[in-house]
Amino acid sequence: MSIPKDLKYTNDHEWIRIEEDNIAYIGITDFAQSELGEIVYVEVETVGEDLEQEEEFGVVEAVKTTSDLFMPVSGNILEFNDELNQDEGDNPALINEDPYGKGWIVKIKISNPEELEELLDAQAYEELIS
């Protein structure tokens, strides 16, 4: 089970990768995708919206279940990954294949960087799932 050390994690199994200028990418963890099984659809209708930490930003549908997606930190949803989008590339299985790379779900502009301190590091996340 892959848990990259350069990411932050939530108790709800989202990860966040911080880039320059408070830009960040959000996805679900390797653990989450393995628990969900084959992902068949991702819905994000919040592009352009300002959302608070822990607010729902989308839904992931797998063959056996549906799971809500929650914001790790407050921010503005800048972009939904076109490769997952039904209207564009339509390959939601990228989340299963590469959850920390091509399987990212949204790109955001962080509005409250202090909230990053509340998230789990790789070691704490590993303890959570073991």
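The values are calculated or read from the model by the stated rules, or taken from the named source; none is laboratory data. On a predicted model such as this, the values are computed, not experimentally measured, just so you know. Every residue, glycine among them, receives a Cβ derived from its backbone with ideal geometry; neighbour counts consider all protein chains shown.
Quick notes on this structure:
- Any hit, region 60-69, residues being at pLDDT 95 or above, crowded, with 19+ Cβ neighbours inside 10 Å and over 25 Å from SER130 (Cα atoms): no
- Inter-residue pairs, beta-carbon under 8 Å, first over 11 Å from LYS5 (Cβ atoms) and in region 119-130, second modelled with pLDDT under 95 and not hydroxyl-bearing (Ser, Thr, Tyr), 6+ apart: ILE129/MET1
- Members of region 96-113 found to be over 11 Å from GLU43 (Cα atoms) and within 13 Å of the chain's Cα centre (by Cα), listed by number: ASN96, ASP98, PRO99, TYR100, GLY101, LYS102, GLY103, TRP104, LYS107, ILE108
- In this structure, ALA93 does not satisfy being within 17 Å of LYS5 (Cα to Cα) and either free of Cβ contacts under 8 Å to residues at least 24 places away in the same chain or over 11 Å from the mean Cα position of the chain (by Cα) (or both).
- Residues that are surrounded by 13 or more Cβ atoms within 10 Å (Cβ to Cβ), of a type in the set (Ser, Thr, Tyr) and in contact with a strand residue (DSSP E or B) (Cβ under 8 Å, 6 or more places away or on another chain) occur at least once in region 30-48.
- Spans of helices (runs of 4 or more DSSP H) in region 19-130 with at least 2 residues in contact with a helix residue (DSSP H, G or I) (Cβ under 7 Å, 6 or more places away or on another chain) and under 20 Å from TYR9 (Cβ atoms): 30-36, 94-97
- Single condition GLY75 does not satisfy, out of (1) surrounded by fewer than 16 Cβ atoms within 10 Å (Cβ to Cβ); (2) in contact with a strand residue (DSSP E or B) (Cβ under 8 Å, 6 or more places away or on another chain); (3) not hydroxyl-bearing (Ser, Thr, Tyr): (1)
- Summed over region 81-130, residues that are within 16 Å of GLY58 (Cα to Cα), of a type in the set (D, E, K, R) and in contact with an Asp or Glu (Cβ under 7 Å, 6 or more places away or on another chain) total 2.
- Within the set LEU84, LEU7, the sole residue that is hydrophobic (A, V, I, L, M, F, W, C), surrounded by 16 or more Cβ atoms within 10 Å (Cβ to Cβ) and closer than 20 Å to LEU120 by Cβ turns out to be LEU7.
- Among the candidates ILE129, ILE110, residue that is among the β-branched types (Val, Ile, Thr), within 24 Å of GLU35 (Cβ to Cβ), surrounded by 14 or more Cβ atoms within 10 Å (Cβ to Cβ) and modelled with pLDDT of 95 or more: ILE129
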